[in-house]
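A.B. asks: Structure below; questions to follow.
Each reported figure results from applying straightforward, stated rules to the coordinates on display, with no laboratory input. Owing to the predicted nature of the structure, the values given are computational and were not obtained by experimental measurement. Here the Cβ positions follow ideal geometry from the backbone for every residue, glycine too, while neighbour counts run over all protein chains shown.
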Amino acid sequence: MPLALLALAVSAFGIGTTEFVMMGLLPNVADDLGTSVPTAGYLVSAYAIGVVVGAPLLTALGSRIPRKRMLVLLMALFTVGNLASALAPTFGLLIAGRVLAGLPHGAFFGVGAVVAARLVTEDRRARAVATMFLGLTIANIVGVPVATLLGQHLGWRATFLVVAAIGVIAMASLARLVPQVADENHGGLRQELGALRNRQVVLGLLTAVFGFAGVFAVYSYLASMMTEVTGLGESSVTVVLALFGIGMTLGALIAGPLTDRALRPTLYGSLAALAAVLVVFDFTVHVKWAALATVVVLGAVGFMTTTPLQMLVMNKAQHAPTLASASNHSAFNLANAGGAWLGGVAIAAGWGWTSPTLVGAGLAVVGLAIAVIAGLTDRAPAAESRVVASSESTPKLSEVG
């Protein structure tokens, strides 16, 4: 694999760390800024809002900027957002900093996925995209736990200063290792928007919204399930989240080669497996060793859906894959918010701490149904299912001197 993928993975590591670390720092932030933990929870939503808004907006604004330059600019905005968060004197300004840090998230992964796919031969494109996403999964194993401990011992501001430093390293890596893509076919904003009118792209985005919501219906309440139902101590929660991250990494490693071989079957299989594992979790959550094993499997099958979904929308967008690819991350964040909300509704209704597992299974089934309908109605020839239109052959890459 090209070294450029390492630069993309380092960037993804920083993005993944800042996205998820806030969940473990909420009590520290609340105490320091004189607010309650539930109110501090708006900081999680603020980042998600930034992702949902920023993915299509920044991708559209940068539709004519060379992709390498766009990646560096997006990581610069990410770095500024985290630096602003670290220095925010008030809760309101911290909210603004979190929105700013979230704005480039979806656009970066959208542009990065297209660049990653163009760095390798056609039969290895899904593996290249999955390699970039490994940075996101490893962030859940290493970045988030370490950053949480750092924030607890040195203050939450130190965490965001470190993430900002990672952003600077990522910018340097992107500038040095990512090659210029020669003769790019920039169709401009109109062509990018036109790709979103493709029915297969829309169905792919809907699959992401419902299917991935099944993961976050459970993940959002995983800590509470493990302490309230499984009987683990609060000190074990970090280990549980790391196990979920290990599962995510395994899922990314498995999904790449499978997606290169058979995209839609990989998507169908991962969504079906996700629904099944969520149902099983409703039973295994009561036994410690079984619950921990299921957490790993849940992380794996849940994240296995991301690579085929990313490749699907890129493939079907054809001549303008960047905006569709970025919009996929808006869909994932809508899934995060929607899944967490529905899981919370089930708990508030008195159905018990384990009820989000069945809610999540239902959402995964809906996602699978949409994916199957999309497959049955897809009349495009197999040759057209390759990422970046067949008329636009893979360009020659000139390394930056």
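A.B. asks: Can you check what the net charge comes to around L205, using other residues whose Cβ is under 13 Å from the Cβ of L205 (Lys, Arg +1; Asp, Glu -1)?
C.D. replies: Around L205, the surrounding residues sum to +3.
A.B. asks: Another question, if that's okay. Which value in deg cm²/dmol, rounded to the nearest 500, describes the helix-derived mean residue ellipticity at 222 nm for the chain, given -39,500 (n - 2.57) per DSSP H run of n ≥ 4 and division by the residue count?
C.D. replies: The helix contribution divided over the chain gives -26000 deg cm²/dmol.
A.B. asks: Ok, one more. What whole-number value in cubic angstrom gives the convex hull volume per residue for the C-alpha atoms of segment 112-173?
C.D. replies: On the way: hull volume 4.6 nm³, N = 62.
Taking only Cα atoms, segment 112-173 has a hull volume of 75 Å³ per residue.
A.B. asks: Then there's this: Find how many whole Å separate the alpha carbon centroid of segment 279-299 from the alpha carbon centroid of segment 120-184.
C.D. replies: That distance is 29 Å.
A.B. asks: For a quick check: with amide H placed at 1.01 Å from N, whose amide H comes under 5 Å from Q180's, ignoring anything fewer than 5 positions away on the same chain?
C.D. replies: Here the answer is S398, V400, since their amide H atoms fall under 5 Å of that of Q180.
A.B. asks: Compute from the Cα atoms of segment 86-189 the Rg and the Dmax, the latter being the longest Cα-Cα distance, and quote both in angstrom.
C.D. replies: For segment 86-189, the Cα radius of gyration and maximum Cα-Cα distance read 16.9, 50 Å.
A.B. asks: Over all directions, the average projected area of the alpha-carbon convex hull for segment 1-66 comes to how many nm²?
C.D. replies: 6.3 nm²
A.B. asks: Right, next: Hey, what do the phi angles of segment 162-167 turn into as Karplus ³J(HN,Hα) couplings, whole Hz, using 6.51/-1.76/1.60 and θ = phi - 60°, x for Gly and Pro?
C.D. replies: Here the 3J(HN,Hα) series is 5, 5, 4, 5, 4, x Hz.
A.B. asks: Now, a different point. Need the full-extension length gain, W341 to Q152, defined as separation in residues times 0.36 nm minus the C-alpha distance. One decimal, nm. Spell out each step's value before the answer.
C.D. replies: Working: separation 189, 0.36 × 189 = 68.04 nm, distance 2.76 nm.
Between W341 and Q152, full extension yields 65.3 nm more.
A.B. asks: Where does the Debye-calculated log10 I(q)/I(0) of segment 278-379 sit at q = 0.13 Å⁻¹, using only Cα point scatterers of equal weight, no solvent?
C.D. replies: Result of the Debye calculation: -0.59.
A.B. asks: If I compute log10 I(q)/I(0) by the Debye sum over Cα atoms at q = 0.10, 0.12, 0.14, 0.15 Å⁻¹ from the structure I just sent, which labelled value in (i) -0.61, -0.89, -1.22, -1.40; (ii) -0.90, -1.04, -1.18, -1.24; (iii) -0.73, -1.06, -1.41, -1.56 lines up?
C.D. replies: Structure-derived value, by its label: (i).
A.B. asks: Could you work out the longest stretch of the chain that avoids the trypsin sites (Lys or Arg not before Pro) located in DSSP loops with at most 14 other Cβ atoms within 10 Å? Walk me through the numbers before you get to the answer.
C.D. replies: Working: sites that count: R64, R197, R379, K396.
For trypsin sites (Lys or Arg not before Pro) (loop position, at most 14 other Cβ atoms within 10 Å), the longest site-free span of the chain is 198-378.
A.B. asks: Apply the a/c threshold of 1.5 to the C-alpha gyration tensor of segment 36-91 and tell me whether it is rounded, prolate or oblate.
C.D. replies: On the way: a/c = 4.19, a/b = 1.91, b/c = 2.19.
Oblate is the answer for segment 36-91, as a/c is 1.5 or above yet b/c matches or exceeds a/b.
A.B. asks: For T90 and V229, calculate 0.36 nm times their separation in residues minus their Cα-Cα distance, and state this gained length in nm to one decimal.
C.D. replies: 46.4 nm
A.B. asks: Provide the convex hull volume over Cα atoms per residue for segment 190-260, in Å³. Walk me through the numbers before you get to the answer.
C.D. replies: Details: hull volume 8.9 nm³, N = 71.
Dividing the Cα hull volume of segment 190-260 by its residue count gives 126 Å³.
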